[in-house]
Amino acid sequence: MSINMEEIYNLQFHKVIDSILNTVKEIAVIIDIDSFEIIYQNSKAYEVMGNRIGQTCHDLLCLNDVPCIECPVGLMGDTTVVREKYVELFDTNIRLTYNKIDWYDSKKALLATIKGVNKANEDISTAAIQRVTAKLEETYKEKDPLTGLPNYSKFYSDAETVIRNNPDKDYAIVVFDIERFKSINDIYGMLEGDEAIKHIAQCLEKCFEGKKNYSRMHSDIFAYYIDYKNKGQIIKGIEKLRKLINANSFDFDINTTYGIYLATERNVPINLMCDRASLACKTIKGNIMKFCAFYDEQYREDMLKINSIEKDMYKALENHEFKMYLQPKYTLSDGLLCGAEVLCRWFHPQKGMIPPNDFIPLFERNGFILRLDEYMWEEACKTIRGWLDEGRKPVPLSVNISRYHIKHNDLELVLLKLLKKYDLSPEYLTLEITESLFLDKPEELNRVLVKLQNHGFKLEVDDFGAGFSSLNLIRNITVDTIKMDKEFLDNEIASEKGKIVVNHTIDMAKDLNLLVVAEGVETEEQVEFLKQSNCDIAQGFFYAKPMPLEAFNETCF
Ligand code: C2E
Ligand code: CA
Ligand code: CA
């Protein structure tokens, strides 16, 4: 026998079981098949034998330390098993009726009902248990147990029917949830969380005057469908509902966010419409300025792209699809090669070359950057080792360090390990750390940087000038070089005043004993200006684009 538990949530589960099994007169217990432990007992069981939760059935009923040889618990099939035996606890012969059920959490369990053999009329027969099952299924086929609102399957079928049968009207699906609902549960308790959910259910009923065009889909996710004449009308409706929801006496705010899908293509399955509304809702998470968003096809495409990249990235690393490119750096005063930046390119077997801006930001969010960067650093170390072995004088390679590495404080360890593996001295590796990182937790970062510097690594602030507090920043941090951001340079050099800003920035950096690199140098004029401003080093398309190692070896050395 199987009770369809999918629609019944853990918290609600006991309430449901209570409401059914407490109405019967017999003792009913539920036994976990794996552990033989009593995991549930009805009120009659409490009345007759006290709290037995956690006790094994062999201990309780048979006074055995280990499962009995003929115990049906471990051996049950799908049919009902009935046993009669004398049980000391009850001091009488009892009849045990066992039925296999699906407990929640995918646990297999037995429902055992106990009655005294001599007392007639108290048997929970198989038929009675089937009634229990049927009632459970029926109660929750259409309704959400906590709120009594239509559940998702009822909502799907209602919305589908209404949208299909009214081709003259335009419909929208709105899906919404509570911001940080998990924190409400964690801080105020699940029962309070339940109350918040019930409050929203009441607001929906009030807002739509019981039209039942809404649903609690699951946990804190609700949905409704509505016909509309223009988008403004949908937003007004949302504002009205939000107002109702916000008027409450909870100790916490119930902040709801809404995603809207306009059901213009009526043959899109309703669950997909809801998924899309839900996707729209996700786009505004964490944005305090927005409480609703319309579904946008572009967003879905972006998500698909992200999914496909995430699917491929592990294999790509294994298959060496990530290639190191090098972009040379030149000393401005004499035009000599003085280093190169390590930049990554992904050669995807189907999609061809993917530029880093299409995957680095994603890897920085999903953490894969840790593995990719370590791979690139190793490529850099291998390259330098190769140059040394060939008898060339290596130029330092600068590698990019991402935010993640500073948080995971094994940066120092990983780098030192690599130096050891390739028998290199640290002066060959420059670490580029993006400026925005310094704005986060400067003290924490500085501690890491001082250690790295003490080991002999050269440190460079990447994208300098892209942020707002750049000038303040260089006063407080321990680095060797600043690398002026391309945009900063382009924007400032465009005006006379801007030129003065760049000049003074360079002067100040030099007063602080910092080297200055200009990145993204594209024109002769820029080179001339930088030379006059005493900038030390330049990197950019004017000199060379990033290139594979072979090309670098041929053209740059
Ligand atoms: P970034 O560190 O600021 O790297 C400089 C970017 O500017 C590179 O883009 C380079 O190709 C480009 N560039 C250089 N000179 C010029 C120029 O004269 N004009 C123009 N328009 N662009 C120029 P790329 O290689 O596409 O890399 C983009 C960003 O991706 C990098 O910016 C860096 O933040 C990140 N990145 C690339 N490879 C890696 C890597 O292996 N690890 C990490 N963490 N980030 C990487
Ligand atoms: Ca860089
Ligand atoms: Ca940069």
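The values are calculated or read from the model by the stated rules, or taken from the named source; none is laboratory data. Keep in mind that this is a model prediction, so the values were computed, not measured. A quick note on method: Cβ atoms are made from the backbone with ideal geometry, for glycine too, and the neighbour counts reach across all protein chains shown.
Can you tell me which residue is surrounded by the fewest Cβ atoms within 10 Å (Cβ to Cβ) among those in the range 466-488 that are at pLDDT 90 or above and within 11 Å of ligand 1 (Cβ to nearest atom)?
By that ranking, first place goes to GLU487.
Identify, from the list GLY386, GLY339, the residue that is touching a Lys or Arg at 6+ places or on another chain (Cβ under 9 Å) and within 15 Å of ASP462 (Cβ to Cβ). So that I can check it myself, show each step before the final result.
Working: GLY386 fails: within 15 Å of ASP462 (Cβ to Cβ).
Exactly one residue qualifies, and that residue is GLY339.
Quickly run through the range 212-236 and pick out the residues that are in a loop (DSSP other than H, G, I, E, B) and either on the phi < 0 side of the Ramachandran plot or touching a Ser or Thr at 6+ places or on another chain (Cβ under 6 Å) (or both).
Hits for the range 212-236 are ASN213, ASP220, LYS229, ASN230.
Which one of the conditions (1) within 30 Å of ALA518 (Cβ to Cβ); (2) within 20 Å of the chain's Cα centre (by Cα) does THR383 fail to meet, given that it meets all the rest?
With respect to (1) within 30 Å of ALA518 (Cβ to Cβ); (2) within 20 Å of the chain's Cα centre (by Cα), THR383 is out only on (2).
May I ask you to verify whether PHE181 is modelled with pLDDT of 95 or more and either of a type in the set (A, V, I, L, M, F, W, C) or within 21 Å of LYS236 (Cβ to Cβ) (or both)? First the steps, then the outcome.
Numbers: modelled with pLDDT of 95 or more: no; either of a type in the set (A, V, I, L, M, F, W, C) or within 21 Å of LYS236 (Cβ to Cβ) (or both): yes.
No: the conditions fail for PHE181.
Any idea which of ILE477, ILE406 is among the β-branched types (Val, Ile, Thr), over 24 Å from MET508 (Cα atoms) and either in contact (Cβ under 8 Å) with a residue 40 or more places away in the chain or more than 16 Å from ligand 2 (Cβ to nearest atom) (or both)?
Values: ILE477 fails: over 24 Å from MET508 (Cα atoms).
Testing whether each residue is among the β-branched types (Val, Ile, Thr), over 24 Å from MET508 (Cα atoms) and either in contact (Cβ under 8 Å) with a residue 40 or more places away in the chain or more than 16 Å from ligand 2 (Cβ to nearest atom) (or both) leaves just ILE406.
For residues that are in contact with a Pro (Cβ under 9 Å, 6 or more places away or on another chain) and over 21 Å from ASP480 (Cα atoms), scanning just the range 387-434, find the one that is surrounded by the most Cβ atoms within 10 Å (Cβ to Cβ).
TRP387
Can you tell me which of PHE464, PHE457, PHE438 is in contact with a Ser or Thr (Cβ under 8 Å, 6 or more places away or on another chain), farther than 17 Å from ASP373 by Cβ and within 16 Å of ligand 2 (Cβ to nearest atom)? Walk me through it before giving the result.
Working: PHE457 fails: farther than 17 Å from ASP373 by Cβ; PHE438 fails: in contact with a Ser or Thr (Cβ under 8 Å, 6 or more places away or on another chain).
When all the criteria are applied, what remains is PHE464.
I'd like the residue in the range 437-453 that is modelled with pLDDT under 85 and not hydrophobic (A, V, I, L, M, F, W, C) and, out of all such residues, is nearest to ligand 3 (Cβ to nearest atom).
Kept after step one, since they are modelled with pLDDT under 85, are these residues of the range 437-453: 437-444.
With the extra rule that they be not hydrophobic (A, V, I, L, M, F, W, C), the set shrinks to 440-444.
Numbers: ASP440: 17, LYS441: 21, PRO442: 19, GLU443: 24, GLU444: 22 Å.
Restricting to residues being modelled with pLDDT under 85 and not hydrophobic (A, V, I, L, M, F, W, C), the top hit is ASP440.
If you scan the range 39-77, which residues turn out to be within 18 Å of ILE94 (Cα to Cα), aliphatic (A, V, I, L, M) and in contact with a helix residue (DSSP H, G or I) (Cβ under 7 Å, 6 or more places away or on another chain)?
Answer for the range 39-77, where residues must be within 18 Å of ILE94 (Cα to Cα), aliphatic (A, V, I, L, M) and in contact with a helix residue (DSSP H, G or I) (Cβ under 7 Å, 6 or more places away or on another chain): just VAL73.
What tally of residues in the range 495-527 results from selecting those that are away from ligand 3 (no atom under 16 Å from the Cβ), in a loop (DSSP other than H, G, I, E, B) and within 17 Å of PHE542 (Cβ to Cβ)?
1
Considering only strands (runs of 3 or more DSSP E) fully contained in the range 237-342, which possess at least 3 residues that are surrounded by 15 or more Cβ atoms within 10 Å (Cβ to Cβ), within 16 Å of ligand 1 (Cβ to nearest atom) and touching a residue at least 24 places away in the same chain (Cβ under 8 Å)?
The qualifying strands (runs of 3 or more DSSP E) are 322-331.
Closer than 16 Å to PHE457 by Cα and either within 13 Å of ligand 2 (Cβ to nearest atom) or buried (at least 16 other Cβ atoms within 10 Å of the Cβ) (or both) - does that describe any residue in the range 350-361?
no
Only one of these conditions is not met by SER495: (1) away from ligand 2 (no atom under 16 Å from the Cβ); (2) touching a Leu at 6+ places or on another chain (Cβ under 8 Å). Which number is it?
Going through the list (1) away from ligand 2 (no atom under 16 Å from the Cβ); (2) touching a Leu at 6+ places or on another chain (Cβ under 8 Å), SER495 breaks only (2).
Can you tell me which of GLY339, GLY335, GLY286, GLY352 is of a type in the set (Gly, Ala, Ser) and within 30 Å of ASP227 (Cα to Cα)?
None of the other options fit; the residue is GLY286.
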